[in-house]
Amino acid sequence: MPELPEVETVRRGLEEHIVGQRIVGVKALHPRAMNPKSIAELDAITGAKILKISRRGKFLWFELDRPESLVAHLGMSGQFLINPENSAHTRALFTLSGARKNKVQELHFNDQRTFGWVSVETLNDGVPSSATKIALDPFDKNFDQKAVVANIKRRNVKIKTAILNQNIISGIGNIYADESLWLARVHPESIASNLSTKTISTIIDCAKEVMAKAIEVGGTSFDDLYINVNGESGYFDISLDAYGREDEPCGRCGKLIKRITFANRSSHFCPKCQTLVQPKSRL
């Protein structure tokens with residue numbers, strides 16, 4: 001599933017190629033392409049000019065020259081592609097005008113597994129209704145790390161569960177949770193309330209560091225289910241230290257990376273570097 005670095009890579013690609021263009025044609029090509037909570041049919045944005053591409057966590061939206069916005073969530077395999085050669089999985093099609101040399105472009109919302117969606121929504125303080133309950137991500141200028149650390153510290157849940165909770169801190173998914181916890185040397189099953197505020201803050205710092213590096217190289221791609229708007233794959237997978245590296249040596253200590261089942265998915269960690277934090281004795 002695309003996480004913050006992949007969605008930010010898509011946002012930057014869209015910003016570079018389509019801001020300033022006008023949506024002159026819209027087609028919804030699959031019944032599951034639309035979010036049922038959309039306030040209007042997709043063709044309601046026909047004629048709108050794209051002013052800005054914004055993001056919060058894994059949510060992406062197109063700010064238009066009208067009160068409505070076009071909102072998207074990539075789900076597991078959603079893609080925005082400009083003039084792709086293969087349109088077999090196109091779920092919604094946007095025809096744009098106003099590109100250089102007056103060339104008309106086609107923007108495809110592709111989604112092989114159809115878990116992603118698009119919708120027409122109004123903005124509330126610059127944020128679409130579907131994302132108003134989503135927490136700020138670490139790259140947001142209004143992100144309050146101290147408050148987020150305190151929120152996590154109060155919770156009697158596994159630390160990985162806490163940082164995956166999009167209502168606490170958004171944008172972090174399974175890949176970058178594993179990578180952040182490896183970098184911070186924290187076991188994914190350590191209970192959040194047992195960790196010090198300093199350790200929790202370090203985890204968030206590590207998450208921001210890992211995701212920033214991933215953004216620099218276009219995110220993480222294991223297959224063609226995630227590619228940028230120009231069809232290119234991300235290359236951060238070659239830098240992964242924990243995720244997907246079961247039975248490979250840890251880059252710090254040489255101990256083999258271990259994989260365990262975690263909330264119907266996999267969790268990867270070093271059993272030597274990432275020790276399980278136990279609660280302090282009250283005796």
Relative contact order, percent, of the range 4-131 when contacts are C-alpha pairs under 8 Å separated by at least 6 residues? 30
Given H placed on each backbone N at 1.01 Å, which residues far from ALA40 in sequence or on other chains put an amide H within less than 5 Å of it? VAL120
So, R0 is 41 Å and r is the distance between the beta-carbons of ASP144 and ASN83; what FRET efficiency does that work out to, to 0.05? 0.50
Measure nothing but the geometry: give the 0 to 90° angle between the long axis through the Cα atoms of 197-216 and the longest principal axis through the Cα atoms of the chain, rounded to 10°. 40
What pairs in LYS58/LYS133; LYS27/LYS49; LYS141/LYS208; LYS158/LYS272; LYS58/LYS272; LYS153/LYS272 have C-alpha atoms more than 21 Å from each other? LYS58/LYS272; LYS153/LYS272
Compute the long axis of helix 174-184 from its Cα atoms, compare it with the longest principal axis of the Cα atoms of the chain, and write down the angle in degrees, 0 to 90, nearest 10. 40
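Computed from the coordinates by the stated procedures, all read-outs in this text should not be read as laboratory data. Being a predicted model, the structure only gives us computed values, none of them experimental. Neighbour counts are summed over all protein chains in view; Cβ atoms, including those assigned to glycine, are modelled from backbone coordinates with ideal geometry.
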